[in-house]
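*Asks:* For reference, the structure I am asking about is given below.
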Amino acid sequence: MSRTHKVVLFYPPYNGPPLGAPLSLLCLASPLLEAGFEVKLVDNLLSPDYEQTILREASDALCLGISVLTGPHIGAAVRVSRAVKKQHPKMPVVFGGWHSSLATEQTLGEPFVDAIVRGQGELTLVELVQRIADGRDWHGVRGLSFKDGSGDIIHEPERPVANINELPAPAYHLADPGIYAAASGVRQLAYTSSVGCPYQCNYCTDQVFYKRRFNAYRVERVVNELAELVPRYDIAHVPLFDSNFLVDRKRAVAIAKGIIASGIRFQWDFQTSTDFLSLMSEEDVRLFAESGVRHIGFGTESASQEVLALMNKRFQHVEQMVETARKTYLAGIHVVFNIILGYPGETEAHRQQTFRIMSDIAKEYSNVSFSPNIFTPYPGIPIWPQLKEMGVREPQSLEEWETLALGTNVLPWLRGEELERLQRGLEYFLLNNQIRKVTTKVPWLRRGARRLLGAPIRWRIGKSRYSFPWELWLSRTVEKVVTRRSLLTGQALPERTQEVC
Ligand code: B12
Ligand code: SF4
């Protein structure tokens with residue numbers, strides 16, 4: 001039996017906006033605290049010298065747990081694990097989270113990783129830590145993969161996904177929202193009201209973790225927790241991390257009504273699919289706005305029904321995108337349609353169709369913005385077998401996955417001229433939407449500028465003619481001048497240059 005009770009949990013730095021304290025670690029901390037362990041949370045925002053902090057804290061800890069997403073997380077996770085192993089060779093290093101759960105064998109092949117908690121981590125980690133504290137071996141811990149004494153890799157059977165209502169609330173008290181506010185400028189608190197999505201999109205791994213089961217907190221729990229947390233930490237904004245918030249529309253509306261009835265005011269946002277929102281009444285969508293929803297993200301991905309079928313997104317139709325745009329417009333909610341470009345099987349004609357239809361939607365409904373990305377295959381996505389047949393090389397080591405940033409082009413069908421045409425088309429699509437947004441805000445510019453700039457751009461997109469791109473050169477020059485002026489004067493950039501489009 002060990003005399004120490006401390007567990008160190010580390011959230012590595014990533015590329016992206018600070019979204020509040022890492023929810024994964026706060027969820028993992030709660031059952032550990034309930035079981036009597038002490039938890040030291042290390043996040044680079046709270047501890048910029050995270051490596052030194054971890055080395056110091058690890059000297060009297062039971063184990064180090066690290067949360068790992070594919071991409072930049074991996075670099076710091078590897079560096080810190082190596083340093084810990086060098087200084088404290090007996091200290092178990094446990095990886096968890098999406099990347100290690102989806103590329104378990106490869107990750108565990110690294111000498112500095114002792115165990116991986118696969119999937120939902122709360123119950124598995126507490127059982128493992130208990131075993132470490134008691135000096136017992138790790139065989140039989142469901143959901144765990146580990147190296148035994150002889151270095152063999154053991155995969156214990158899966159642990160069934162727990163009903164999240166039976167799990168304790170995240171340990172928000174471990175992370176001061178004030179420090180995150182200093183980094184992001186907003187007092188925000190990340191919250192998950194559900195996990196799991198019933199769909200099986202071919203590029204998404206939600207199904208691997210949560211088995212297509214929508215597993216959600218009851219309405220009262222969500223409303224009571226938010227009504228307690230928001231004033232306690234003086235929170236202005238709550239981003240929901242649910243995979244698809246509107247799977248149970250009745251529950252979602254009841255949450256909005258509960259928030260209104262609580263009298264607590266804050267902004268919140270969520271992500272979902274257009275098939276669900278388009279089925280809601282205008283009145284219910286307005287209720288979201290009234291309860292504080294300012295923004296909703298949608299994985300629309302393409303406006304070509306053929307590409308949507310290739311993605312196994314047959315549940316989604318263009319009419320639903322239009323209906324979603326209309327209802328959110330009436331409610332005054334800003335929406336972002338994510339777009340995936342370069343998906344295997346997508347042709348230039350499909351792409352043009354997407355640009356055209358999406359532009360038409362944004363023309364009609366000014367609350368719509370777009371976030372386009374080039375298809376990036378992450379570990380464990382269902383389409384990997386076909387991708388390999390098409391010549392996509394799967395990264396062969398943990399560190400190779402680190403450089404797989406979003407949009408990195410590793411797609412054999414999207415090279416050279418084809419890729420250049422895609423990028424040009426995308427730039428024109430974004431420029432067209434930016435012009436529309438700017439000219440809508442300045443009425444006297446509206447007709448003239450749209451005719452002068454918008455018409456040739458629409459022609460180019462429609463015909464896929466991208467030679468001598470003078471409009472792009474002009475826009476880049478304007479952007480440079482505005483950015484330079486902002487750097488010189490310290491004035492904030494105008495909204496339009498910061499937006500995606
Ligand atoms: C919020 C979020 C982010 C945020 C997280 C920031 C923050 N401060 O929390 C940021 C911006 C970093 C992010 C980035 C990316 N993300 Co993201 N993200 C999410 C999202 C919406 C929620 C994650 C979350 O907090 N969930 C709630 C917590 C409680 O769950 P959890 O994190 O899964 O943690 C549980 C388990 O994983 C496990 N666990 C996690 N860590 C650990 C550690 C240990 C030691 C143990 C034992 C267990 C364990 O236990 C936890 C409790 O059950 C998920 C989708 C989803 N619904 O989960 C996608 C998701 C995780 N992201 C995804 C992707 C694709 C990305 C990006 C690669 C995409 C991109 N835009 O570049 C980047 C990668 C990082 C980068 N670019 O630097 C994929 C997974 C990809 C992958 N293979 O890693 C997901 C699943 C979306 C999807 N359906 O495809 N993301
Ligand atoms: S709808 Fe979204 S969360 Fe659900 S499977 Fe598709 S991409 Fe994943």
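The values are calculated or read from the model by the stated rules, or taken from the named source; none is laboratory data. These figures come from a predicted structure and were not determined experimentally. Here the Cβ positions follow ideal geometry from the backbone for every residue, glycine too, while neighbour counts run over all protein chains shown. Protein only, heavy atoms only, side chains kept; ligands, DNA and RNA dropped before computing areas. Shrake-Rupley method; radii C 1.70, N 1.55, O 1.52, S 1.80 Å.
*Asks:* Heavy-atom accessible area per residue, region 226-316, 1.4 Å probe: how many Å²?
*Replies:* 38 Å²
*Asks:* Please list log₁₀ I(q)/I(0) at q = 0.17, 0.18, 0.27 Å⁻¹ for region 152-220, using the Debye equation with identical point scatterers on the alpha-carbon positions.
*Replies:* -0.87, -0.91, -1.13
*Asks:* How much of the accessible area of the chain, in percent, comes from carbon and sulfur atoms when a 1.4 Å probe is used?
*Replies:* Working: 11880 of 22340 Å².
Taking all protein chains in place, the chain shows 53 percent carbon and sulfur surface.
*Asks:* Among the aspartates and glutamates, select those whose C-alpha is under 14 Å from the C-alpha of residue 6, and discard any that sit fewer than 8 residues away in the same chain.
*Replies:* 34, 38, 57, 60, 134
*Asks:* Using the heavy atoms of the protein chains and a 1.4 angstrom probe, tell me the accessible area per residue for region 1-115 in square angstrom.
*Replies:* 39 Å²
*Asks:* Let me ask you something else. Quick check: convex hull over the Cα atoms of region 121-165, volume per residue in Å³, rounded to an integer?
*Replies:* Numbers: hull volume 2.9 nm³, N = 45.
In region 121-165, the Cα convex hull volume per residue is 65 Å³.
*Asks:* Can you give me the angle between helix 470-489 and the longest principal axis of the chain, using Cα atoms only, in degrees from 0 to 90, rounded to the nearest 10?
*Replies:* 60 degrees
*Asks:* Helix 219-233: angle to the longest alpha-carbon principal axis of the chain, degrees 0 to 90, nearest 10?
*Replies:* Result, in degrees: 90.
*Asks:* With unit charges on the beta carbon (Lys/Arg positive, Asp/Glu negative), name the residue among 350, 287, 65 whose Cα is farthest towards the positive pole of the charge dipole of the chain.
*Replies:* 350
*Asks:* Moving to a separate point now. From the gyration tensor of the Cα coordinates in region 1-43, what semi-axes in whole Å does the equivalent ellipsoid have, largest first, with each one equal to sqrt(5λ)?
*Replies:* Semi-axes (√(5λ), whole Å): 25, 11, 6.
*Asks:* Still on this structure, I have one more. Out of all DSSP beta bridges in the chain, what portion is antiparallel? Express it as a percent rounded to 5.
*Replies:* 15 percent
*Asks:* Over the C-alpha atoms of region 231-366, what are the Rg and the largest Cα-to-Cα span, Dmax, in Å?
*Replies:* That works out to 16.0, 53 Å for Rg and Dmax.
*Asks:* Given 0.36 nm per residue, what is the gain on full extension from residue 4 to residue 130 after removing their alpha carbon distance, in nm?
*Replies:* Extra length from residue 4 to residue 130 when fully extended: 44.2 nm.
*Asks:* Right, another one. Hey, what angle do you get for helix 249-262 against the long axis of the chain, alpha-carbon based, 0 to 90 degrees rounded to 10?
*Replies:* 80 degrees
*Asks:* Can you give me the Kirkwood hydrodynamic radius for region 118-263, using every pair of distinct Cα atoms, in Å to one decimal?
*Replies:* 17.8 Å
*Asks:* Summarise the long-distance tail of P(r) for region 72-165 by giving the % of C-alpha pairs beyond 21 Å.
*Replies:* On the way: 1275 of 4371 pairs.
Percent of Cα pairs beyond 21 Å in region 72-165: 29.
*Asks:* Can you list the aspartates and glutamates whose alpha carbon sits under 16 Å from that of residue 313, skipping same-chain ones fewer than 8 residues off?
*Replies:* 206, 275, 301, 346
*Asks:* What is the extension gain from residue 262 to residue 394, computed as 0.36 nm multiplied by their sequence separation minus the C-alpha to C-alpha distance, in nm to one decimal?
*Replies:* That works out to 42.5 nm of additional length.
*Asks:* Would you work out the Kirkwood radius for region 332-435? I mean one over the mean of 1/r across all pairs of different Cα atoms, in Å. Don't skip to the answer; put the middle values down first.
*Replies:* Values: mean 1/r = 0.0656 Å⁻¹.
Hydrodynamic radius (Kirkwood, Cα pairs) of region 332-435 is 15.2 Å.
*Asks:* Ordered by packing density, taken as the mean number of other Cβ atoms within 10 Å over each peptide's residues, highest first, how do 264-273, 386-395, 147-156, 85-94 rank?
*Replies:* Peptide ranking by packing, descending: 264-273, 85-94, 386-395, 147-156.
*Asks:* Using just the alpha carbons, could you tell me how many Å³ per residue the convex hull of region 36-120 encloses?
*Replies:* That works out to 100 Å³ per residue.
*Asks:* Shifting gears a bit: Determine which residues of region 159-190 fall in the zone a paramagnetic label at residue 232 would reach in this model, i.e. backbone nitrogen under 19 Å from the point 7 Å along Cα→Cβ.
*Replies:* Output list for this probe position: 165-181, 187-190.
*Asks:* Starting from the exponent 0.38 and prefactor 2.2 Å, build the expected Rg for the chain from its residue count and divide its actual Cα Rg by it.
*Replies:* Cα Rg divided by the expected 2.2 N^0.38 Å: 1.03.
*Asks:* Cα centroid distance between region 1-70 and region 252-318, in Å?
*Replies:* 33 Å
*Asks:* Let me ask something else. Rank these by accessible area, largest first, 1.4 Å probe: 40, 6. Don't jump to the answer; show the numbers that get you there.
*Replies:* On the way: 40 65, 6 15 Å².
Descending accessible area places them as 40, 6.
*Asks:* Which value at 222 nm does the chain reach when only helices count, each DSSP H run of 4 or more adding -39,500 (n - 2.57), with the total divided by all residues and rounded to the nearest 500 deg cm²/dmol? Could you put the intermediate results ahead of the total?
*Replies:* Values: 22 runs with 230 residues, N = 501.
About -13500 deg cm²/dmol.
*Asks:* Which distance in Å, rounded to a whole number, links the C-alpha centroids of region 339-374 and region 162-176?
*Replies:* So the two Cα centres are separated by 38 Å.
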